[in-house]
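A.B. asks: Shown below is the structure under consideration.
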Amino acid sequence: MSKLVLEALQKKFGAAILATHSEFGDDTAVVEPSRWREVALYLRDDPKLDFDMFVDLTAVDYLGQRDQRFEVVCHLHSFGRGHRIRIKARVGDEEGDGATVPSLVPVWKGANWFERECFDMFGVAFEGHPDLRRILLYPEFVGHPLRKDYPADKCQPLVPFREGYEKVAPFGADEGMSFGRQTHDFARTGDDLEPGADS
């Protein structure tokens, strides 16, 4: 059934559907980024398609493999029709600059936090998003940690420690990124230790 959706998209949008494929039961359309929201509206509003459920959205980083570095990926489902589809948009240059696509929040409100996470982790911007800011990391964080060129050993506690806590590890033993903690030699205070532990 989803293959019929791909045919409907090609008929409606022509050259704006850059590619389609069906692999492992997943039917996919690659969409011209400028038509991203328009395609989403059509998928939602056409009664023959009736994609009433936004499932998720993320990005994939193809660093060094493609001229357009990122692929924004969105999965949709129709409860009434029982079919699903994946739409993709390729954005950004080889460095990741210009990675922008229209927001789907006006189409499905559920896209809000997914787009914010994609912005936070990959640096993909969503035009028309009502509140595009970081959602997992603090505002002072520099970079986007799910990009393939983000150094895995980078630790950046850019927020100043509170007075008197300058030499205290920013995370507890069971918190944060373990590989980041290994690069620091912070002293632990007695307040941070389990009762009965040595200070």
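Laboratory data are not the source of any read-out in this text; all were calculated from the coordinates shown. All values derive from a computational prediction rather than experimental measurement. Note: ideal-geometry Cβ built from the backbone for every residue, glycine included; neighbour counts use all protein chains shown.
A.B. asks: Starting from the 7 Å offset along Cα-to-Cβ, what nm value, one decimal, do you get for the label separation of TYR62 and GLU23?
C.D. replies: Distance between label points: 1.1 nm.
A.B. asks: Something else now. Grab the other residues whose beta carbon is less than 12 angstrom from that of LEU132, score K and R as +1, D and E as -1, and report the net.
C.D. replies: -2
A.B. asks: Same structure again: Assign one of three labels to the stretch 59-109, namely rounded, prolate or oblate, based on the Cα gyration tensor with a ≥ b ≥ c the square roots of its eigenvalues; rounded applies when a/c is under 1.5, prolate when it is not and a/b is larger than b/c, and oblate otherwise.
C.D. replies: oblate
A.B. asks: What does the charge count near ILE85 come to, summing +1 for each Lys or Arg and -1 for each Asp or Glu among other residues with Cβ under 11 Å from its Cβ?
C.D. replies: Net charge around ILE85: +3.
A.B. asks: OK, next. Which whole-Hz couplings ³J(HN,Hα) result when phi for each residue of the stretch 34-39 is put into the Karplus expression 6.51 cos²θ - 1.76 cosθ + 1.60, θ = phi - 60°, listed in order with x for Gly and Pro?
C.D. replies: My calculation for the stretch 34-39 gives 5, 9, 3, 5, 4, 5 Hz in order.
A.B. asks: Tell me which lysines have Cα within less than 16 Å of LYS12's Cα, excluding those fewer than 8 residues away on the same chain?
C.D. replies: Within the straight-line cut-off, LYS12 pairs with LYS3, LYS48.
A.B. asks: Another question about this same structure. Residues with beta-carbon under 10 Å from that of PHE119, excluding PHE119: net charge, scoring Lys, Arg +1 and Asp, Glu -1?
C.D. replies: 0
A.B. asks: Additional query: Excluding residues on the same chain fewer than 8 positions from LYS148, give the lysines whose Cα lies under 21 Å from its Cα.
C.D. replies: LYS88
A.B. asks: Still on this model: Dipole magnitude of the stretch 4-127 about its Cα centre, charges +1 at Lys/Arg Cβ and -1 at Asp/Glu Cβ only, in debye to the nearest 20?
C.D. replies: 500
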